[in-house]
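The values are calculated or read from the model by the stated rules, or taken from the named source; none is laboratory data. Just so it is clear, the model here is predicted, and its values are computed rather than measured. Glycine gets a Cβ as well: all are built from the backbone with ideal geometry, and neighbour counts include every protein chain shown. Only protein heavy atoms, including side chains, enter the accessible area calculation; ligands, DNA and RNA are left aside. Shrake-Rupley method; radii C 1.70, N 1.55, O 1.52, S 1.80 Å.
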Amino acid sequence: MNAAALLDRLEKVRQTGPGRWVACCPAHDDRSPSLSIRETEDGTILIHDFAGCDAQSILAALGLSLGDLFPDRLKHHAKSIRRRVPLCDLVALLDHESLIVALIGIDMLANKTIDADDWNRLVTAVRRIGEMRDHVHP
Ligand SMILES: [Zn+2]
């Protein structure tokens, strides 16, 4: 599946940059878009709900599964992905986590209130970026 097919199923979609969008989260009563959608160069779709819904609940609300976030050609490589995490996937994850850090940072600079969930998500992002380092074996 590609990002356009996912965006078709979402409400109040707004493009925020190349390959980046925000939309209302289908998994909770979302009036102002809190779902971030990002399409990576290899066609993988990354989603994150700033209200805290996990990817599986969001996809379930749309009648989709996690596999739908990957382009069809990547599904054939599912076995090799399980064996070890390819560098390109780590970079995609790193990009996603750094986007979260950036978005929270932008809110902080704009003097918006950062609640406990935002802080927790920020801490999680920093921890995940640290864990990614352990997956890279030069
Ligand atoms: Zn949500």
**Asked** When the Debye formula is applied to the Cα atoms of region 84-138, each taken as the same point scatterer, what base-10 log of I(q)/I(0) results at q = 0.16, 0.19, 0.30 Å⁻¹?
**Response** -0.52, -0.66, -1.16
**Complete:** Debye calc, one equal point scatterer per Cα of the chain, no solvent, log10 I(q)/I(0) at q = 0.10, 0.17, 0.21 1/Å comes to -0.35, -1.02, -1.46
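Give, rounded to the nearest 20 debye, the magnitude of the charge dipole that region 1-71 has about its Cα centre when Lys and Arg contribute +1 at Cβ and Asp and Glu contribute -1 at Cβ.
Numbers: 6 positive and 10 negative charges, 47 e Å.
Charge dipole, region 1-71, about its Cα centre: 220 debye, nearest 20.
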**Fill in**
Mean-square fluctuation maximum in Gaussian network of the chain, Cα pairs under 10 Å, restricted to ILE114, ILE45, ILE104, hits ILE114
**Request:** Select from ALA110, ALA92, ALA60 the residue whose mean-square fluctuation is largest in a Gaussian network model of the chain (Cα-Cα springs shorter than 10 Å).
**Result:** ALA110
**Request:** Treat every Asp and Glu Cβ in the chain as -1 and every Lys and Arg Cβ as +1, leave all other atoms uncharged, and give the resulting dipole magnitude about the Cα centre to the nearest 20 debye.
**Result:** 380
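Normalising by the residue count of region 1-71, find the relative contact order in percent from Cα pairs under 8 Å and 6+ residues apart.
Values: 118 pairs, mean separation 19.7, N = 71.
Relative contact order, region 1-71: 28 percent.
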**Message:** Can you tally the net charge around MET108? Count Lys and Arg as +1, Asp and Glu as -1, for every other residue whose Cβ sits under 15 Å from the Cβ of MET108.
**Reply:** -2
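Quick one: with all protein chains in place, what share of the accessible area of region 1-71 is carbon or sulfur, to the nearest percent (1.4 Å probe)?
Details: 1730 of 3580 Å².
It is 48 percent, rounded to a whole number.
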**Asked** Averaged per residue, what accessible area in Å² does the chain show with a 1.4 Å probe, protein chains only?
**Response** 63
